[in-house]
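What follows is a short report on a single structure.
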Amino acid sequence: MEFSTRGGRAEALKGQCLLVTAESGGKLGAAARAVDAGHGGVIAAAIKRGDLTGKQAQVVSLADGATRIVVVGIGKSAEATEASWLKAMRAGIDTVLASAARDLTVCLDGHPVRRRDATWYASQVAQIALQAAQRPDHMKSKREDPPRLAKIAVWADGEEAEAQVGRGLRQGEAIGHGASLARELGNLPGNVCTPSYLADRAQALAKDHGLKAQIFDEKAIAKMGMGSFLSVSRGSAEPPRFIVLRYQGAGKDDAPVALVGKGVTFDTGGISIKPSGEMDEMKYDMCGAAAVLGTLQAVAQLKLPINVVGIIPATENMPGSKATKPGDIVTSMSGQTIEILNTDAEGRLILCDALTYTKEKVKPVLAIDIATLTGACVIALGHVASGLYSNDDKLAHELLDAGHAAWDRAWHMPLWDDYQQQLSSNFADVANIGGRPGGSVTAACFLSRFTRDMKWAHLDIAGTAWVSGKAKGATGRPVGLLTEFLIRRSGGDRSAAA
Ligand code: BES
Ligand code: MN
Ligand code: ZN
């Protein structure tokens, strides 16, 4: 899919397909009126007939000769929210994708959602189109025909708007492709997407985008002293991998931002085995890793002037004769000993060693880990916000702001010392579970013991990385939040200059 900005008079817009918006009561903005005037009044006629009311998410397809005109209802503009606008736009783009059109010009009218500018709308259009065009059917023997739509232009009214739309499209395209990669990896089944497979894809990503990749095998992982990580991989016949990817967009001596992603390619729970209902969804337990890869791809595509290192501990969590047993005590890379009271709390066991590696070997300005860490986070925040924890309030607020801007939101959760006592163990330095109360908080507290003296944040994406039910699938979150955060930190993208 190719994206571009189109200027000029809306009356004169040509192409196989035009998309405009209408408000409740069939109210048209200046741009839609201009398109209508340029196409023989077909939109006004549809309003007069009563076919087009502009109610929220209504989609009406019209035609003027060879040109399709898709009108998307956005409801009452005073009531428009990000969610309502995105839903309407998705419905419109779905209609265009179902048609035979190869090109589309999106012609937006004003900015109905409060405090959102042309950059945001354009970025969202690109992201929606890339998501809508992605079909998770690459494992089906008969695949659907791919959509014909190959080109999307977004119309901009004037020079300043053109610059904003251009920037939005560039960012939206990078984020959209990054999220597509994250969704693709997340949706792959556990028998395909193994730790070695993730390592291969990381290496391919490095080759395509000029990153440096380092892959550690089991022996090398043992040599680094990652006894906690290896306690999770022990039960599996699939060997673990520790993946380090480096993107250098700034000076060699600039300390990087570290992104650490949980890469459990399948989580059975281990000896503390999970119930079998919906266990298939535990193939998504590598969505943190997938988000790291997707974000690195977006950052590389935008050529951001910043250094970023991606760190991924990848393993399966399986039962087996060699598997870790409840009560086993292991020594982490940090030297702290851990009593494993529940082998299903494995995410924190692989992340603690990855975070120690990050602190000691990568020495980043800050580290963010991303993990489908706890069911308790889903209970706390549902499927709307990712859980955000940090030992640095300023970093937490930067991430919250980036999430709001990208409309990939997180919510600040407490990391208070009061919770730490739940993790005390009779036999080791720390236990790997803290009981049911505040389960997402105590998981974060566990990680905090390995991130002292490092600026660190933790995103629990258990509720946001995929959707269950009929539309089951990975969402690609939080690639949007992370990329927006890195765009802001690097002082803006310079891809236009490149
Ligand atoms: N991968 C799961 C977390 C999870 C559960 C994500 C459900 C999405 C939906 C994680 O490894 C896990 O099993 N966590 C346990 C921790 C508990 C044993 C303390 C959980 O949440 O039940
Ligand atoms: Mn688990
Ligand atoms: Zn897990």
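Kindly state, to the nearest 0.05, the FRET efficiency for N191 paired with K252, given R0 = 30 Å and r defined as their beta-carbon distance.
It comes out at approximately 0.15.
With r defined as the distance between the Cβ atoms of D453 and A220 and R0 fixed at 25 Å, what FRET efficiency is calculated, to the nearest 0.05?
Result of the calculation: an efficiency of 0.50.
Could you check the spin-label model distance between Q131 and W416? Points 7 Å from the Cα along Cα→Cβ, value in nm.
According to this spin-label approximation, the distance is 3.5 nm.
Set the bar at 24 Å for Cα to Cα. Now go through K219/K361; K87/K470; K207/K472; K274/K325; K55/K470; K140/K472 and name every pair that lies beyond it.
K207/K472; K55/K470
When only the heavy atoms of the protein chains count and the probe is 1.4 Å, how do H111, H138 rank by accessible area, highest first?
The most accessible residue leads, giving H111, H138.
So how long is each side of the chain along the principal axes, counting just the alpha-carbon atoms, biggest first, in Å?
Taking the Cα atoms of the chain, the three principal extents are 80, 50, 44 Å.
Please compute the modelled spin-label separation between R6 and A471, points set 7 Å along Cα→Cβ, answer in nm with one decimal.
About 2.7 nm, to one decimal.
Report the label-to-label distance for D94 and I329 in nanometres (one decimal), using points 7 Å from each Cα along the Cα→Cβ vector.
5.6
Where does helix 159-187 land angle-wise versus the long Cα axis of the chain, in degrees 0 to 90, nearest 10?
Tilt of helix 159-187: around 50 degrees.
Angle, helix 347-357 long axis vs. longest principal axis of the chain, Cα atoms, 0 to 90°, nearest 10?
Its long axis makes an angle of about 80 degrees.
What whole-number value in Å² describes the accessible area per residue of the chain for a 1.4 Å probe?
Value for the chain: 41 Å² per residue.
Please report, as a whole percent, how much of the solvent-accessible surface of the chain comes from carbon and sulfur atoms (probe radius 1.4 Å).
Reported share for carbon and sulfur atoms: 49 percent.
Excluding A44 itself, calculate the net charge of residues whose Cβ lies under 11 Å from the Cβ of A44, where each Lys or Arg counts +1 and each Asp or Glu counts -1.
Neighbourhood net charge equals +2.
Give a quick list of trypsin sites (Lys or Arg not before Pro) in the stretch 145-198 that DSSP marks as loop, anything other than H, G, I, E or B, with at most 16 other Cβ atoms within 10 Å.
R148
Relative to the longest principal axis of the C-alpha atoms of the chain, give the angle of the C-alpha long axis of helix 82-98, reported between 0 and 90° and rounded to the nearest 10°.
For helix 82-98, the angle is close to 70 degrees.
In terms of the Cα gyration tensor, with a ≥ b ≥ c the square roots of its eigenvalues, is the stretch 238-306 rounded because a/c is under 1.5, prolate because a/b exceeds b/c, or oblate?
prolate
For A37 and K76, FRET efficiency with R0 = 25 Å and r from the beta-carbon atoms, rounded to 0.05?
0.55
Is the stretch 403-498 rounded, prolate or oblate when judged by the Cα gyration tensor, a ≥ b ≥ c being the square roots of its eigenvalues, rounded requiring a/c under 1.5 and prolate requiring a/b larger than b/c?
oblate
The values are calculated or read from the model by the stated rules, or taken from the named source; none is laboratory data. Nothing here was measured: the structure is a model prediction, and the numbers come from that model. Every residue, glycine as well, gets a Cβ built from its backbone with ideal geometry; the counts of neighbours run over all protein chains shown. We work out accessible area using only protein heavy atoms, side chains counted, and drop any ligands, DNA or RNA first. Shrake-Rupley method; radii C 1.70, N 1.55, O 1.52, S 1.80 Å.
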